[in-house]
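Engineer: First, the structure itself, so that you have it in front of you.
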Amino acid sequence: MSQIIALTNQKGGVGKTTSAVNLAASLAALDRRVLLVDLDPQGHASMGSGIDKHELDKSVLDVLLGDATATDTIMRDLPVKYDVLPGNGDLTAAEVELLDLDKRESCLTTALGSVAGKYDVVLIDCPPSLNMLTVNALTAADSVLIPLQCEFYALEGLSALLDTVEQIKQSINPDLAIAGILRTMYDKRTSLTREVDKQLRDFFGDALIKTTIPRNVKVAEAPSHGIPVTQYARFSRGSQAYRVLAKEMIRRLSL
Ligand SMILES: Nc1ncnc2c1ncn2[C@@H]1O[C@H](COP(=O)(O)OP(=O)(O)OP(=O)(O)O)[C@@H](O)[C@H]1O
Ligand SMILES: [Mg+2]
């Protein structure tokens, strides 16, 4: 059975895309069949996987609108070891275009229905907002992985996100679970980090993922080469952390 995991946090720049790309690569390196869905108009997950977002014949938007199948739109011959359902700026129109559709929350669920079985894991990279695209991701997902930075404002938007998860659970996706809280760009030396750590542990308990991702320049450089850091600089601290994360996620979720 495939598991669908949405990487979500409406706060921008917390490491959603970086974690989606590198977790996809690390799970694939451990022989899991992985699909990465780029549900962000910024198209960064596509670009970070070696896809030119300006040259797409069709994108995940066409699939959401029922104008193309996921099978025909998924890109397989990439410089990475996982497949990608690509996205780009066309998704900016999704909010309006989806409005006209019946069951507009479930478009992604329907779209993935025919392909999810071909993969062990489907990772969805969400945009930095709680919009209809994110609602589609949370409706299609089995669980939510929440990347965050251990900074003073880290916890601020979290209650709005958890409220949204709760609403989706109560309305359309009762089994939606929290896959974990992932600390990114982590620097354990600062006292602020230790303080936020304590709050996260108290609030989330076991949902707090043990592996942390350090701030590492190789992680930031890799996307400009269109490959994950696990390929770009496989012995870097960032790369090693994402490999350890993949193993922890395999244990936690029985992937
Ligand atoms: N561990 C890390 N070390 C150094 N830089 C990082 C690390 N993780 C992410 N970054 C950098 O931080 C920036 C934001 O990361 P990323 O794009 O993954 O966040 P995001 O949550 O997907 O952002 P958005 O909300 O805009 O989609 C990027 O420039 C990325 O290269
Ligand atoms: Mg992103």
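The numbers here are math on the coordinates, done by the rules we state, and not lab data. As the structure is a prediction and not an experimental result, all values here were calculated from the model. So basically every Cβ, Gly included, is an ideal-geometry build from the backbone, and we count neighbours across all protein chains shown.
Engineer: Based on C-alpha coordinates, I'd like the Rg and Dmax of the stretch 1-75, in Å.
Structural biologist: According to the Cα coordinates of the stretch 1-75, Rg and Dmax are 12.9, 34 Å.
Engineer: Do the sum for the chain: with -39,500 (n - 2.57) for every DSSP H run of n ≥ 4, divided by all residues, what is the mean residue ellipticity at 222 nm, to the nearest 500 deg cm²/dmol?
Structural biologist: Values: 12 runs with 103 residues, N = 255.
Taking each H run of at least 4 residues, the total per residue is -11000 deg cm²/dmol.
Engineer: Let me ask something else. For the stretch 14-146, what is the largest minus smallest coordinate of the Cα atoms on each principal axis, given in angstrom and ordered from greatest to least?
Structural biologist: Principal-axis extents of the stretch 14-146 (Cα, largest first): 41, 31, 31 Å.
Engineer: Only loop residues by DSSP count here, and only those with at most 16 other Cβ atoms within 10 Å; note down the chymotrypsin sites (Phe, Trp or Tyr not before Pro) in the stretch 112-188 that meet that. Intermediate results must be reported in sequence, preceding the final value.
Structural biologist: Working: sites: 119, 152, 153, 186; in loops: 119, 152, 153.
Here the sparse-neighbourhood loop sites are 152, 153.
Engineer: Would you please give the residues with an amide H less than 5 Å from that of residue 178, counting only those at least 5 places away or on a separate chain, with H modeled from the backbone geometry?
Structural biologist: 144
Engineer: For the cross-link pairs 58/218; 81/118; 11/103; 81/247, which exceed 21 Å when the distance is taken from alpha carbon to alpha carbon? Please list the in-between numbers first.
Structural biologist: Details: 58/218 31 Å; 81/118 15 Å; 11/103 27 Å; 81/247 17 Å.
Violating the 21 Å limit, Cα to Cα: 58/218; 11/103.
Engineer: Continuing with the same structure: Kindly provide the pair-distance distribution of the stretch 91-134 built from C-alpha pairs, with 10 Å bins from 0 and whole-percent values in order of increasing distance.
Structural biologist: For the stretch 91-134, the binned pair fractions read 23, 50, 26, 1 percent.
Engineer: Collect residues whose amide H, placed 1.01 Å from N in the peptide plane, falls under 5 Å from the amide H of residue 85; neighbours closer than 5 in sequence don't count.
Structural biologist: Here the answer is 36, 37, 38, 75, since their amide H atoms fall under 5 Å of that of residue 85.
Engineer: Using a 10 angstrom cutoff on alpha carbons, build the Gaussian network for the chain and name the most mobile of 28, 111, 160.
Structural biologist: So, out of 28, 111, 160, the one fluctuating most is 160.
Engineer: Still on this structure: Return the whole-Å distance between the Cα centroid of the stretch 215-237 and the Cα centroid of the stretch 92-113.
Structural biologist: What the calculation gives is 34 Å, centre to centre.
Engineer: Let me ask something additional. Could you give me the ³J(HN,Hα) list for the stretch 65-75, computed from phi with Karplus coefficients 6.51, -1.76, 1.60 and θ = phi - 60°, whole Hz, x at Gly and Pro?
Structural biologist: Residue by residue, the stretch 65-75 yields 7, x, 8, 8, 8, 4, 4, 6, 9, 4, 9 Hz.
Engineer: Using θ = phi - 60° and the Karplus relation 6.51 cos²θ - 1.76 cosθ + 1.60, list the HN-Hα couplings for the stretch 134-144 in order, rounded to whole Hz, with x at every Gly or Pro.
Structural biologist: Karplus values, whole Hz, x for Gly and Pro: 5, 4, 4, 5, 5, 6, 7, 7, 7, 8, 10.
Engineer: Any chance you could tell me what percent of the C-alpha pair distances in the chain go past 24 Å?
Structural biologist: Working: 13632 of 32385 pairs.
Above the 24 Å cut-off, the chain has 42 percent of its Cα pairs.
Engineer: Can I ask one more? Using the Karplus curve 6.51 cos²θ - 1.76 cosθ + 1.60 with θ = phi - 60°, what ³J(HN,Hα) values do you get for each residue of the stretch 100-113, in whole Hz, with x for Gly and Pro?
Structural biologist: Calculated HN-Hα couplings, in order: 7, 9, 5, 6, 5, 6, 9, 4, 6, 4, 4, 4, 7, x Hz.
Engineer: If you don't mind, there's one more thing I want to ask. Considering only DSSP beta bridges with both partners in the chain, what is the antiparallel share in %, to the nearest 5? Before the final figure, lay out the partial values.
Structural biologist: Numbers: 1 of 27 bridges.
Taking every DSSP beta bridge with both residues in the chain, the antiparallel ones total about 5 percent.
Engineer: To continue, here is another question. Sort 170-176, 67-73 by packing, meaning the average of other beta carbons within 10 Å per residue, with the highest value first. Walk me through the numbers before you get to the answer.
Structural biologist: Values: 170-176: 13.1, 67-73: 14.9.
My ranking of the peptides, most packed first, is 67-73, 170-176.
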